[in-house]
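Note sheet for the following structure.
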Amino acid sequence: MSDGAGGRPLPALTATNRPYWTAGADGVWRLQRCPDCRRLIHPPALRCQFDHAAPEWEALSGRGTVESWTVNHHPFYPGMPTPYIIAFVNPVEDPRVRVLTNLVDVEPDQIHVGMLVRVTFAAGSDDIDDDVYLPLFTAER
């Protein structure tokens, strides 16, 4: 991992996860969907865990709801300022899937279960591999 936007670490890109981490270049949040059972899949996988079909990448609305969250005050990663909010967000297209992310530009006392959020991307580069676009979420206004 390398330092990314806002001090966030960047993920190591693989053939399986590269489409997820680079999709934000065009401002669109994408997840995999199973063509058979129609479930969204996250984290990226080679096969659906329910019926083993090969998933396909799908553009989403970028909207989600907060399932749970915590405010981190401990500096786990050097250069990433604290406090920051870690949350599970469920895409509106399939609330069965959850994405671990950060909430930005929102005060902790404003967050609640079911809160509508919208994706925003923080771009980062290690100057070695493709640029990555970290999907973060902010309150939908």
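The values are calculated or read from the model by the stated rules, or taken from the named source; none is laboratory data. In this text, all values refer to a predicted model and were calculated from it rather than measured experimentally. Here the Cβ positions follow ideal geometry from the backbone for every residue, glycine too, while neighbour counts run over all protein chains shown. SASA here: full protein model, heavy atoms, side chains in, ligands and nucleic acids out. Shrake-Rupley method; radii C 1.70, N 1.55, O 1.52, S 1.80 Å.
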Take Val92, project a point 7 Å from its Cα along the Cβ direction, then tell me which residues of the range 114-141 have their backbone nitrogen under 19 Å from it.
-> 114-121, 135-141
With label points set 7 Å from each Cα along the Cα-to-Cβ direction at Ala15 and His42, the distance between them in nm comes to 2.5
Under the Karplus relation 6.51 cos²θ - 1.76 cosθ + 1.60, θ = phi - 60°, what is the ordered set of whole-Hz ³J(HN,Hα) values for the range 55-71, x standing for Gly and Pro?
-> x, 10, 7, 9, 6, 10, 6, x, 9, x, 10, 7, 8, 7, 7, 8, 9
Distance histogram in 5 Å bins (all Cα pairs of the range 19-65, percent per bin) = 5, 23, 31, 21, 14, 5, 0
Hz values of 3J(HN,Hα) by residue in the range 72-79 - Karplus curve (6.51, -1.76, 1.60), Gly and Pro given as x | 8, 10, 8, x, 5, 10, x, x
Diffing the range 108-117: the Karplus 3J(HN,Hα) column from phi (6.51, -1.76, 1.60, θ = phi - 60°), in whole Hz with x for Gly and Pro, holds x, 6, 8, 7, 8, 4, x, 4, 6, 10
Å² of accessible area per residue within the range 17-139, as computed with a 1.4 Å probe and no ligands counted = 53
Sulfur and carbon atoms: percent of accessible area, the chain [1.4 Å] | 53
Per the helix-only model, the chain has a calculated mean residue ellipticity at 222 nm (DSSP H runs of ≥4, -39500 (n - 2.57) each, divided over all residues, rounded to the nearest 500) of -500 deg cm²/dmol
Here the net charge surrounding Ala25, from other residues whose Cβ is less than 9 Å away from its Cβ (Lys, Arg +1; Asp, Glu -1), is -3
So which chymotrypsin sites (Phe, Trp or Tyr not before Pro) in the range 53-141 pass both tests, a DSSP loop state and at most 10 other Cβ atoms within 10 Å of the Cβ?
-> Phe76
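Extension gain Glu67-Asp130, at 0.36 nm per residue separation less the Cα-Cα distance, in nm?
Contour length minus the Cα-Cα distance gives 19.6 nm.
Given N residues in the chain, what is its alpha carbon radius of gyration divided by 2.2 N^0.38 Å?
Its radius of gyration relative to the 2.2 N^0.38 Å reference: 1.05.
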